[in-house]
Amino acid sequence: MLLAAIRCTKIKSSICLKSPSRRYLWVSSRFVTDRAAKEEELRIFIVAGEVSGDTIGSRLMASLKKLSPVPIRFSGVGGSMMSKQGLKSLFPMDNIAVMGIWELLPHLYNFRVKLKETVEAAFMFHPHVVVTVDSKGFSFRLLKQLRARYNQQGLDGPVHFHYVAPSFWAWKGGAERLKGLAEFVDHVLCILPNEEAGCQSKGLAATFVGHPILEDVLELNMGKEIALHEWKITGNGEDFRKTYAIPSGATVITLLPGSRLQEVTRMLPIFSNTMKLLKDSFPELVTVIHVAPNQLVDNFITRAIHKWPVPAILIPGGIPHLKYDAFNASRVALCTSGTVAMELQLARLPCLVTYRAHFLTEWVIRYKAKIPYISLPNILLDSPVIPEALFQACTPTKLASSLKELMNNTVLQQQQVVAAEKVMELICPSNRTVNNLQQQGMRWRPPIYTPSMIAASTILSYAQR
């Protein structure tokens, strides 16, 4: 049985990946449930509650459609990316895109209404598989209530998958809380290397599939070979500057204020005041503001830039090549903590990570957190390579000072570039994961394993049990 893996370990030889093809050869169909085979379709109920989850969910859907020997019908909740893969969302994903403890309170009634609506829709859909993507507050309540609904009626329920493990490693007592998840989560698809063993030690089945950000590389380098040391994306900054008529001597700073409205309304004013402090030091300062594919966020930012202190260019979300072109044209980035920190690692763009929340949420984080960092690169390396400005330290004065230091210090910039290469090695799927799939007998061509392909393979191979 010949299967090749994404090799991403510290080895001497050079290993390359060829971009995935659209043609796959199935050798066995035993991975789909008997019930799905009899009904000649596999029904998957899938839910994502935020922009990053929408991207993950859409890639998973595409991989499932490529690998499944029977047609797949989807239902659930998602955004624009998942809709392109055939999902008709029950309601706008923004309705459940709330993060934080106290931030949820004003939305609690609507949250409960949407949860009840989703549970009912899932039950009536009669799915073979239910997949929730991140957004653990909504996802775990959904899976728990759905499992209880089936148990109360004495019915065999669908298999429950949760994609993106909860960050149990970040919180005091987090690992112990995993034990309870096994009651309503059958399998966790992990994106970080330490999560699989952590889940399994608490009786929760899990598979490390690799970080979804790796798929940006494969998509934007389609048709090219990707060597082990080249997990990066180099956009066309020169074209970007020409397209947007940016003067050759201008200093460009990328701003990523977040994907949720509550984040953007809190962070964008801080970013604005930071740019106001920087404009005297950098007379030709231009900001590139990345707008998440969220209409509420788009509306807010569009209104806000009317009072913006320096020239601003708005970049719409959902266009990867444009995003990385903007990164390449920029000198540094200022971002709200999230998936974007990993995207900036791929682009090798030095950045400053920020975060603010409701003061009570911040207090809980200080009390409960057991790690000193918030950005994933720092967490993976256990080192403050990327500067962070969190909570009360996240002020325009401190951000402006940190950005000036970063822009004027090539040593600090190079440290982030070198660290990015180490981070990319850590987040690649392991050979052990691929070997496990080999043992299950699944084979297709070409032999390539992306995170979404491994996740889809795991789901399809589990559906027979």
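Structure notes:
- Taking the criterion of being small (Gly, Ala, Ser) and in contact with an Asp or Glu (Cβ under 8 Å, 6 or more places away or on another chain), the residues of the range 187-208 that qualify are Ala205, Ala206.
- Within the range 158-192, being closer than 23 Å to Met342 by Cβ, among the aliphatic types (A, V, I, L, M) and not in a strand (DSSP E or B) holds for Val164, Ala165, Ala170, Ile191, Leu192.
- Considering the range 145-176, the residues that are basic (Lys, Arg) and farther than 25 Å from Ile56 by Cα include one that is surrounded by the most Cβ atoms within 10 Å (Cβ to Cβ), namely Arg149.
- Single match in Met275, Met267 (criterion: within 24 Å of the chain's Cα centre (by Cα) and either of a type in the set (A, V, I, L, M) or on the phi > 0 side of the Ramachandran plot (or both)): Met267
- Selection over the range 70-82 of residues that are part of a helix (DSSP H, G or I) and modelled with pLDDT of 95 or more gives a count of 1.
- Of the candidates Glu215, Glu284, Glu238, the single residue that is acidic (Asp, Glu), within 22 Å of the chain's Cα centre (by Cα) and at negative phi is Glu215.
- So Gly180, is it surrounded by fewer than 19 Cβ atoms within 10 Å (Cβ to Cβ) and over 21 Å from Ala456 (Cα atoms): yes
- Segments classed as helices (runs of 4 or more DSSP H), wholly inside the range 226-311, with at least 2 members that are β-branched (Val, Ile, Thr) and either open to solvent by 60 Å² or more (accessible area, probe 1.4 Å) or within 30 Å of Asn95 (Cα to Cα) (or both): 261-278, 295-304
- Against the numbered list (1) at pLDDT below 95; (2) in contact with a Cys (Cβ under 9 Å, 6 or more places away or on another chain); (3) hydrophobic (A, V, I, L, M, F, W, C), Val434 comes up short only at (2).
- Enumeration of residues in the range 42-83 that are among the β-branched types (Val, Ile, Thr), over 11 Å from the mean Cα position of the chain (by Cα) and open to solvent by 10 Å² or more (accessible area, probe 1.4 Å): Val70, Ile72
- Selected residue (criterion: modelled with the lowest pLDDT) from residues of the range 124-144 that are assigned to a helix (DSSP H, G or I) and open to solvent by less than 20 Å² (accessible area, probe 1.4 Å): Phe138
- Condition check for Val119 on (1) within 25 Å of Ile454 (Cα to Cα); (2) modelled with pLDDT of 95 or more; (3) in a helix (DSSP H, G or I): one failure, at (1).
- Residue-level check: of (1) closer than 24 Å to Ala400 by Cβ; (2) over 24 Å from the mean Cα position of the chain (by Cα), Thr302 misses just (1).
- Scope the range 312-333; condition within 19 Å of Leu261 (Cα to Cα) and either in a helix (DSSP H, G or I) or within 18 Å of the chain's Cα centre (by Cα) (or both); matching residues: Pro316, Gly317, Gly318
The values are calculated or read from the model by the stated rules, or taken from the named source; none is laboratory data. Since the model is a prediction, treat every value here as computed from it, not as a measurement. Here the Cβ is made from the backbone with ideal geometry for all residues, glycine too, and neighbour counts use every protein chain on show. Remember, those area values only see protein heavy atoms, side chains included, never the ligands or the DNA or RNA. Shrake-Rupley method; radii C 1.70, N 1.55, O 1.52, S 1.80 Å.
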